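See structure below.
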Amino acid sequence: GGFVSSMVSPSSPFEQAIITFGPLDQLLSPQEIQGFNLFVEKYQCMTCHDVVSTFGYSESFGGEFVNIGLDDEYADKGLASLTGNESDNGKFRIPNLRNIALTAPYMHDGRFETLEEVIDHYSDGVSTHPNLDHRLRDAQGMAEVQNITVSEKAALVAFLNSLTDHTFTNNPAFS
């Protein structure tokens, strides 16, 4: 219970489409739909960021801890600072993406100011750390290079913006 659990946010355009089974093309722009398709299919972002099931309110915050190849060496060891296990070095919690456009800066240390910078990281900035999550590795086990194009990046950002609930963010009870 309590204040934080009262901060339910079910009114983003994307959530309305999921909740009402509404036609995406009536609730989202063509660019937002393209971004959703890239997010789910081409770049498989939903293998870590399940934007559909997280609308069940049980998962208010992200899920598992993973290493996404931010660095070769980590000043902040992440999960390893709690467990003492070298295999947890550089692992941080996967965030829920609800209202993600409003939560800059991004990453555990705030290194990225914009969603575009986050996407650039996944496009061609992932480091092949020993603990890098398998979902970010290519067939040879190296950090996967996605080469996300400028128009794809714009579509992904448009989709991520559709996860913002402006009714919620303008509610004075939560300011």
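Summed over segment 83-99, residues that are farther than 17 Å from T164 by Cα and at pLDDT below 95 total 2.
The C-beta contact set for segment 93-118 (first residue touching a residue at least 60 places away in the same chain (Cβ under 8 Å) and at positive phi, second residue buried (at least 17 other Cβ atoms within 10 Å of the Cβ) and in a helix (DSSP H, G or I), distance under 9 angstrom, 6+ apart or interchain) comprises N99/F168.
Restricting attention to segment 62-73, report how many residues are in a loop (DSSP other than H, G, I, E, B) and either free of Cβ contacts under 8 Å to residues at least 24 places away in the same chain or more than 15 Å from H121 (Cβ to Cβ) (or both). Number of matching residues: 4. All of (1) in contact (Cβ under 8 Å) with a residue 60 or more places away in the chain; (2) more than 22 Å from Q31 (Cα to Cα); (3) among the aliphatic types (A, V, I, L, M); (4) in contact with a Leu (Cβ under 8 Å, 6 or more places away or on another chain) hold for V126 with one exception: (1).
Residues of segment 106-130 being assigned to a loop (DSSP other than H, G, I, E, B) and either surrounded by 19 or more Cβ atoms within 10 Å (Cβ to Cβ) or small (G, A, S) (or both), which ones?
Selection gives G110, V126, S127, H129.
Filter segment 15-46 down to the residues that are open to solvent by 50 Å² or more (accessible area, probe 1.4 Å) and not in a helix (DSSP H, G or I), then identify the one that is modelled with the highest pLDDT. That would be Q44.
Each residue in segment 136-175 was checked for being modelled with pLDDT of 95 or more and more than 20 Å from E32 (Cα to Cα), and 10 of them qualify.
Scanning segment 83-96 for residues being open to solvent by 20 Å² or more (accessible area, probe 1.4 Å) and in a loop (DSSP other than H, G, I, E, B) gives a total of 4.
The values are calculated or read from the model by the stated rules, or taken from the named source; none is laboratory data. This is a predicted model, so every value here is computed, not measured. In this analysis, Cβ positions are derived from the backbone assuming ideal geometry, glycine residues included, and neighbour counts consider all displayed protein chains. Only protein heavy atoms, including side chains, enter the accessible area calculation; ligands, DNA and RNA are left aside. Shrake-Rupley method; radii C 1.70, N 1.55, O 1.52, S 1.80 Å.
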